[in-house]
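The values are calculated or read from the model by the stated rules, or taken from the named source; none is laboratory data. These numbers come from a predicted model, not from an experiment. Note that we place each Cβ from the backbone using ideal geometry, even for glycine, and neighbour counts take in every protein chain shown. These accessible areas exclude ligands, DNA and RNA; they are computed on the full protein's heavy atoms, side chains included. Shrake-Rupley method; radii C 1.70, N 1.55, O 1.52, S 1.80 Å.
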Amino acid sequence: MKHKQIKVLIVGGGLAGLTSAIHLANENIEVVLIEKNTYPKHKVCGEYVSNEVFSYLESLGIHPYKHQAKKIEKFQFSSISGSTLNITLPLGGFGISRFALDALMVDKAIQLGVEVIQATVTDIQFIDNQFQVVTNTNHTYLASYVLGAHGKRSNLDSTLSRKFIKNKSAWLGVKAHYISDFPDDLVALHNFNGGYCGLSKVESDHVNACYLADYASFKKYKNIEAYQEAVLYKNKALKTFFENSQIAFKAPVAISQISFDKKEPVLNHIFMIGDSAGLIHPLCGNGMAMAIHSAKIISSLLVDQKTNNYSRLQLEQQYRLAWNAAFQKRLKIGRWIQNALQHKKLTRIGVSVVSTSPYLLKTIIKSTHGKSLV
């Protein structure tokens, strides 16, 4: 079955995909968004959003504080040894669950006329200067431009023969919400052997606990609870938190094979955005803002293309340049951190230094975050 010609088709309806859909629809550009999951859904995510994208979201008609997002201004870092450092965040941010934010954004997109289709994209072909996008429902959609917003890892990456998909990753992500006495304005990051756990409040007044773990260490234990008690509890701050909290989920949500390998911002003429274009280490605390920012870059270029009449190759080159300028340095630092975490001795030294140096910690935060978008 053939679909009418579409200007922009977005594959994936997470933060990046929804941001682009709203931005383009606001500019009267026809958009179809294909998402395999139903809304809303809990996802493995730190659920802390840097204020660098706050003004931009408001310009799109997304107002986090009208939906009880938590204003976060303070940061706490702790090491296994017990060293704890508290600072004021250079820019700050807000806490809101993906369950709430995705639902809010998809409703906005639909209000603006975006066609949201629940299906799985199984193939994308670029033929005669247009895309043919095939779904598991045997529909074929024709589009002038395709944005790849399908997340950290997808079967579509295998179909597209992306390099990173061939490499096994050592990382596992786990997330759950907890009922706990925790400050509204704080995001905490606690080191444990093989990873980090982030804690922050979201709009429901629950605390989001999300951690990245070394899979080799994790698989030694029979389940998540056993792993947490044996490994995370070695950090006194985490032990205190989990022992004095009640889980609000039936069970934690987990995702494996999290890859921090380099990815292409443009592949087979597809504009990759969000985690599809590059994933920063959670220690940097900026993944959600980067996804939104990358969506703004390509959406702004597509809007400009209407008046400047860029060729496809010019558009692709401009996106690569803008994407690299915005994120290349941050991702390089994130990959360095990820590599360091695989060496326990180096991790102990680094954590020890950071946990006693407010200046160094603020420098790392600033180097992995951008300026406020307008």
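Data overview
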item	result
Added length on full extension, which subtracts the Cα-Cα distance from 0.36 nm per residue, residue 246 to residue 144	31.8 nm
Calculated from backbone phi, Karplus (6.51, -1.76, 1.60) coupling profile of segment 295-303 in Hz, x at Gly/Pro	5, 5, 4, 6, 5, 4, 5, 5, 5
Rounded D (µm²/s) - segment 235-328, Kirkwood Rh over Cα pairs, Stokes-Einstein at 10 °C, 1.306 mPa s	99
Relative contact order, percent, segment 57-126 [alpha-carbon distance under 8 Å, six or more residues apart]	28
Per-selection metrics, segment 215-288 (Cα): Rg and Dmax in Å	16.9, 51
Solvent-accessible area per residue for the chain (1.4 angstrom probe, square angstrom)	44
Size of the chain as Cα extents on the principal axes (Å, biggest first)	60, 40, 38
Ratio Rg/Rh [Cα only; Rh per Kirkwood] for segment 11-69	0.97
Order of exposure, largest accessible area first, which applies to 124, 110 with probe 1.4 Å	110, 124
Cross-link partners of residue 262 among aspartates and glutamates (Cα-Cα below 15 Å; sequence separation of 8 or more within a chain)	157, 275
Volume in Å³ per residue [convex hull over Cα atoms, computed for segment 105-148]	87
Three principal axis lengths of segment 137-223 [C-alpha, angstrom, descending]	51, 34, 21
Dipole of the chain, positive end: most advanced residue of 139, 113, 226 [Cβ charges, Cα centre]	226
Cα→Cβ-extended label distance, 7 Å offset, between residue 307 and residue 159, nm	3.6
Value of [θ]222 nm, deg cm²/dmol, for the chain, DSSP H segments ≥ 4, -39500 (n - 2.57) each, nearest 500	-10500 deg cm²/dmol
Accessible area (Å², 1.4 Å probe, nearest 10) - residue 320	80
Accessible surface of residue 45 - all protein chains present, 1.4 Å probe, nearest 10 Å²	20
Subset of 201/239; 250/329; 41/236 violating a 28 Å alpha-carbon distance limit	250/329; 41/236
